[in-house]
Amino acid sequence: MFKHEEILVFDFETTGLSATNDQILEIGAAKYKKVNGDFQLVDELSLILNTDNPISEKITEITGITPQMQEKHGVSQNEGFNRLDSLINKDTLLIAYNIQFDLGFLLNFYYNNYDKNFKLENDILDIMAIYKDRHKFPHRLESGVSKYQINFPNTHRALDDVKATYALLLAMKEEKNNIEKYVNVIGFNKKYGVSGPKLDKVRYVAQYGGFGEIDKL
């Protein structure tokens, strides 16, 4: 599926939408390495993190994470960063659904606070860009889960969403094996432009949904 020897599928649940004003509430990640030509799961990460401010009722409603769960299971933001960072090597392909959102928190919040000298040179893959290229609105992860009858539910818990994202990737690969074409491409809504960090190696393409703008490049 990829030239890469290892991939990391990751997802953040956050206290809000701003990577400068909000914090990461939960990290989910699954690392796969190529063995005899196939990717095999070698590590998983599922962490609830302590945050400076209490979790809002709205965030609890969305994620199911309560202040009591955070009090019992929460680890420090520093520990969360270090454990996620340990899974990322310079050649790891980073994969997420709507990766531009997660990159904002990964770069502006985590690396900016804990490793200011870090420069992201990894290849990236946005699963939403593939789904959006093939299907019309809506384009949420749960849309793909329903469309392809994925067995992993999209629960807005980080590791569950990671598993759903990877299963969706495999389903779309079986449908049409052009996945490599989407590496280092991020689609965006032309009406709103690109929000968050821009990476030098990434091509940003306006997508309308179901028209294969990236596939035609």
Seminar exercise, completed: Flagged pairs (Cβ under 7 angstrom, 6 or more apart or on separate chains; first in region 64-84, without any contact (Cβ under 8 Å) to a residue 60 or more places away in the chain and over 16 Å from Gly28 (Cβ atoms); second in a helix (DSSP H, G or I) and among the β-branched types (Val, Ile, Thr)) are Thr66/Thr60
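Name the residue, out of Ala167, Ala206, that is surrounded by 14 or more Cβ atoms within 10 Å (Cβ to Cβ) and of a type in the set (A, V, I, L, M). Steps first, answer last, please.
Values: Ala206 fails: surrounded by 14 or more Cβ atoms within 10 Å (Cβ to Cβ).
That would be Ala167, the only listed residue that is surrounded by 14 or more Cβ atoms within 10 Å (Cβ to Cβ) and of a type in the set (A, V, I, L, M).
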For this session: Considering only region 111-158, state which residues are charged (D, E, K, R) and within 22 Å of Leu84 (Cα to Cα).
Result: Asp115, Lys116, Lys119, Glu121, Asp123, Asp126, Arg157
Exercise. Checking Asp22 against (1) outside any strand (DSSP E or B); (2) farther than 24 Å from Asn82 by Cβ, which test does it fail?
Worked result: (2)
Problem set entry | region 134-156 - residue that is in contact (Cβ under 8 Å) with a residue 40 or more places away in the chain and in contact with a Lys or Arg (Cβ under 9 Å, 6 or more places away or on another chain) and, of those, most open to solvent (accessible area, probe 1.4 Å) | Arg134
Problem set entry | Candidate set from region 1-28 (those that are of a type in the set (Ser, Thr, Tyr) and farther than 23 Å from Ser46 by Cβ); member that is surrounded by the most Cβ atoms within 10 Å (Cβ to Cβ) | Ser18
Exercise. Before we move on, is Leu47 touching a Ser or Thr at 6+ places or on another chain (Cβ under 7 Å), in contact (Cβ under 8 Å) with a residue 12 or more places away in the chain and in a strand (DSSP E or B)?
Worked result: no
For this session: Just one of (1) surrounded by 12 or more Cβ atoms within 10 Å (Cβ to Cβ); (2) without any contact (Cβ under 8 Å) to a residue 60 or more places away in the chain trips up Lys58, so point out which.
Result: (1)
Exercise. Hey, Phe109 hits all of (1) in a helix (DSSP H, G or I); (2) modelled with pLDDT of 95 or more; (3) aromatic (Phe, Trp, Tyr); (4) in contact with a strand residue (DSSP E or B) (Cβ under 8 Å, 6 or more places away or on another chain) but one; which does it fall short on?
Worked result: (2)
For this session: Tell me, please, whether a residue that is over 22 Å from Leu94 (Cβ atoms), under 17 Å from the mean Cα position of the chain (by Cα) and not hydroxyl-bearing (Ser, Thr, Tyr) can be found in region 10-32.
Result: yes
Exercise. Is there a residue being among the β-branched types (Val, Ile, Thr), modelled with pLDDT of 95 or more and under 29 Å from Leu217 (Cβ atoms) anywhere in region 52-69?
Worked result: no
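The values are calculated or read from the model by the stated rules, or taken from the named source; none is laboratory data. What you see is a predicted model, and the numbers here were worked out from it, not measured in a lab. Positions of Cβ are backbone-derived with ideal geometry, glycine not excepted, and every protein chain shown enters the neighbour counts. SASA here: full protein model, heavy atoms, side chains in, ligands and nucleic acids out. Shrake-Rupley method; radii C 1.70, N 1.55, O 1.52, S 1.80 Å.
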